[in-house]
Amino acid sequence: MTEITFDLNIAKTPGYSHLCQSMQVRAQRYIQRTDQQRSAAAYTLLSKALRHLNINQSDFGITTNKSGKPYLTDYPNIHFSLSHSGSVAACVVSDKEVGIDIEDSKSFDATDLEEMAKLTMNEKEQHIIAQSTNPAQAFLLLWTRKEAILKLTGEGLRNNIQDVLTKENKIVIHSNIIGNRYIYSTAQYE
């Protein structure tokens with residue numbers, strides 16, 4: 001069981017007062033109001049997905065493991081990952097460990113794309129981006145794959161992000177583009 005949900009217009013998310021206490025705390029940890037709103041939209045998607053699974057608690061009890069990856073305290077067999085970017089939020093819930101990343105290409109500043117690629121992509125990936133008819137989209141596709149893997153593993157962003165996709169591992173990645181604007185990837189172990 002894997003369920004992915006999206007909110008393509010998070011400006012309409014009604015704040016975070018409707019969320020359980022642990023979700024409110026996590027959404028409020030951001031300094032910027034827009035980041036709080038994006039986080040609240042992602043947690044709203046999670047809350048709805050959990051209720052769809054007939055998990056109706058007043059507080060879902062979200063905590064983090066030693067590497068900082070969030071999990072449901074009372075439901076160790078239900079895994080989730082959240083992402084938000086620009087005007088979009090995404091949530092994936094699964095019975096297996098999972099990671100998701102989504103990027104809103106309209107909010108992506110490609111001014112320094114070549115420099116960003118040098119810092120975050122290996123030579124093969126840089127070549128793919130340079131040869132693409134849409135370099136920004138190619139970059140974001142590779143980026144979402146990397147970040148989905150890092151969210152799956154719990155590693156988070158790290159110094160050597162260039163080798164994330166070249167590691168020998170048993171991870172399945174699914175990527176998609178919604179409306180030629182939103183690019184997302186999910187990652188799960190085989």
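For segment 73-93, the count of residues that are under 16 Å from the mean Cα position of the chain (by Cα) and surrounded by fewer than 14 Cβ atoms within 10 Å (Cβ to Cβ) is zero.
Can you name every residue in segment 9-31 that is outside any helix (DSSP H, G or I), within 16 Å of ALA49 (Cβ to Cβ) and modelled with pLDDT of 70 or more? Let's see the steps before the verdict.
Let us first name the residues in segment 9-31 that are outside any helix (DSSP H, G or I), namely 9, 13-20, 29-31.
Now narrow it down to the ones that are within 16 Å of ALA49 (Cβ to Cβ): 13, 18-20.
Answer for segment 9-31, where residues must be outside any helix (DSSP H, G or I), within 16 Å of ALA49 (Cβ to Cβ) and modelled with pLDDT of 70 or more: HIS18, LEU19, CYS20.
For the condition closer than 19 Å to LEU8 by Cβ and either modelled with pLDDT under 95 or surrounded by 16 or more Cβ atoms within 10 Å (Cβ to Cβ) (or both), what is the one hit in LYS170, LYS106, LYS146? Steps first, please.
On the way: LYS170 fails: closer than 19 Å to LEU8 by Cβ; LYS146 fails: closer than 19 Å to LEU8 by Cβ.
Exactly one of LYS170, LYS106, LYS146 is closer than 19 Å to LEU8 by Cβ and either modelled with pLDDT under 95 or surrounded by 16 or more Cβ atoms within 10 Å (Cβ to Cβ) (or both), namely LYS106.
For segment 173-186, filtered to residues that are among the polar types (S, T, N, Q) and assigned to a strand (DSSP E or B), the residue that is surrounded by the most Cβ atoms within 10 Å (Cβ to Cβ) is THR186. As a summary of the residue check, VAL92 satisfies the conditions (1) closer than 24 Å to SER39 by Cβ; (2) in a helix (DSSP H, G or I); (3) in contact with a Ser or Thr (Cβ under 7 Å, 6 or more places away or on another chain); (4) of a type outside the set (Asp, Glu) except for the one numbered (2). Could you say whether any residue in segment 137-153 is in contact with a Ser or Thr (Cβ under 8 Å, 6 or more places away or on another chain) and either in the same structural domain as VAL88 (by TED's automatic domain parsing) or more than 30 Å from ILE78 (Cα to Cα) (or both)? Yes: segment 137-153 contains one or more residues that are in contact with a Ser or Thr (Cβ under 8 Å, 6 or more places away or on another chain) and either in the same structural domain as VAL88 (by TED's automatic domain parsing) or more than 30 Å from ILE78 (Cα to Cα) (or both). Can you spot a residue in segment 49-71 that is buried (at least 20 other Cβ atoms within 10 Å of the Cβ), in a helix (DSSP H, G or I) and of a type outside the set (Asp, Glu)? Yes: segment 49-71 contains one or more residues that are buried (at least 20 other Cβ atoms within 10 Å of the Cβ), in a helix (DSSP H, G or I) and of a type outside the set (Asp, Glu).
Quick check on segment 110-127. Is at least one of its residues under 22 Å from THR166 (Cα atoms), in contact (Cβ under 8 Å) with a residue 60 or more places away in the chain and buried (at least 18 other Cβ atoms within 10 Å of the Cβ)? Walk me through how you get there before you give the answer.
As a first pass, look at segment 110-127 and keep what is under 22 Å from THR166 (Cα atoms): 113-127.
Now drop any that are not in contact (Cβ under 8 Å) with a residue 60 or more places away in the chain, which leaves none.
Scanning segment 110-127, I find no residue that is under 22 Å from THR166 (Cα atoms), in contact (Cβ under 8 Å) with a residue 60 or more places away in the chain and buried (at least 18 other Cβ atoms within 10 Å of the Cβ), so the answer is no.
The values are calculated or read from the model by the stated rules, or taken from the named source; none is laboratory data. The shown structure was predicted, so the numbers you read here are calculated from the model rather than taken from an experiment. Note that each Cβ is placed from the backbone with ideal geometry, even for glycine, and that neighbours are counted across all protein chains shown.
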